[in-house]
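Presented below is the structure to which this report refers.
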Amino acid sequence: MDEILRQSDKLAAVGQLAAAVAHEVRNPLTSLKGFTQLLQHEFPDANQSYFDIMKGELERIELISGELLVLAKPKPERFELRSVNQVLHEVVTLLESQANMSNVEVVLSLEPTLPPIFCDENQLKQVFVNIMKNGIEAMQDGGKLTISTRRHHHHLFIAFQDEGCGISKEKLERIGEPFFTTKEKGTGLGMMITQKIVQHHKGTLEVESQQGRGTTVKVSLPIDGM
Ligand code: ADP
Ligand code: MG
């Protein structure tokens, strides 16, 4: 138990540091992007692909620091009574066009009589967005993403089931490790942040997967809350 606590303290400290660095990187990055753009206009005869590479790399730094910034809690934390179903509806609306573009059908199977829970709505949205995005990204040739909720005793269970590529046993253990990604354009930060937020809500996160078949990510959250 001590070891677990020490580990999570360490993670929190690393998270804070990473977020602070990400924050410091933001302003110089914006200026770099701006001047790169200017240079490109000033030198129309130069090899344009150099500028494109520079812009691409700057955007990548922006993507990574953007994900890390979530850990810095840019918005003051606010735990309130919220309906998880409502939050899910909002996130699904947010990702609808991305799902459509990937030929992914999102199916909602929400239990209508769930009690509200104490949570930070923004953080919870972040969790659902991260998990949904992974589901969509795993289904290169389209498929169905089923999101279901139910209550069991003092917990709410939220499951995200996709029909995507799945993930091997060895890799499954590494999900949530900072910077672990199998994607060309991945950051490997989404699931780490997701795990941290779920832990912060005193919940649990489980990933079940069968390679070639699909993945189910299960989140449980306590109803009595904080
Ligand atoms: P990223 O999406 O940037 O790669 P994440 O932390 O969100 O980072 O995910 C880490 C890795 O976990 C992914 O690269 C992928 O290999 C695996 N993964 C997560 N969710 C799924 C899923 N639903 N289906 C298949 N693989 C997944
Ligand atoms: Mg991701």
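The values are calculated or read from the model by the stated rules, or taken from the named source; none is laboratory data. What you are looking at is a predicted structure, and each value in this text was computed from that prediction instead of being measured. Note that we place each Cβ from the backbone using ideal geometry, even for glycine, and neighbour counts take in every protein chain shown.
Things worth noting here:
- Qualifying residues in region 157-178 (those that are more than 19 Å from MET139 (Cα to Cα) and acidic (Asp, Glu)) - the one nearest to ligand 1 (Cβ to nearest atom): GLU177
- Within region 149-202, the only residue that satisfies the criterion of being within 12 Å of VAL219 (Cβ to Cβ) and free of Cβ contacts under 8 Å to residues at least 24 places away in the same chain is GLN195.
- Summed over region 41-93, the residues that are surrounded by 14 or more Cβ atoms within 10 Å (Cβ to Cβ), among the aliphatic types (A, V, I, L, M) and closer than 30 Å to PRO115 by Cβ give a count of 7.
- Whenever a residue of region 128-140 is more than 19 Å from VAL219 (Cα to Cα) and more than 10 Å from ligand 2 (Cβ to nearest atom), its partners that are at pLDDT 95 or above and polar (S, T, N, Q), lying with C-beta atoms within less than 8 angstrom and at least six residues away or across chains, give the pairs MET139/SER102; MET139/ASN103; GLN140/SER102.
- Scan of region 179-203 for residues that are of a type in the set (A, V, I, L, M, F, W, C), within 9 Å of ligand 1 (Cβ to nearest atom) and surrounded by 14 or more Cβ atoms within 10 Å (Cβ to Cβ), ordered by number: PHE180, LEU189, MET191, MET192, ILE193
- Only one of GLY166, GLY188 that is on the phi > 0 side of the Ramachandran plot, within 16 Å of ligand 2 (Cβ to nearest atom) and in contact with a strand residue (DSSP E or B) (Cβ under 6 Å, 6 or more places away or on another chain): GLY166
- When region 114-142 is filtered for residues that are in a loop (DSSP other than H, G, I, E, B) and within 25 Å of HIS200 (Cα to Cα), the ones remaining, listed by number, are LEU114, PRO115, PRO116, ASP120.
- Condition check for PRO76: assigned to a loop (DSSP other than H, G, I, E, B) and under 22 Å from ILE193 (Cα atoms): yes
- Residue tally, condition part of a helix (DSSP H, G or I) and farther than 18 Å from PHE128 by Cα, over region 168-226: 4
- Of all residues making up region 137-162, the number that are modelled with pLDDT of 95 or more, under 19 Å from GLN98 (Cβ atoms) and over 18 Å from the mean Cα position of the chain (by Cα): 3
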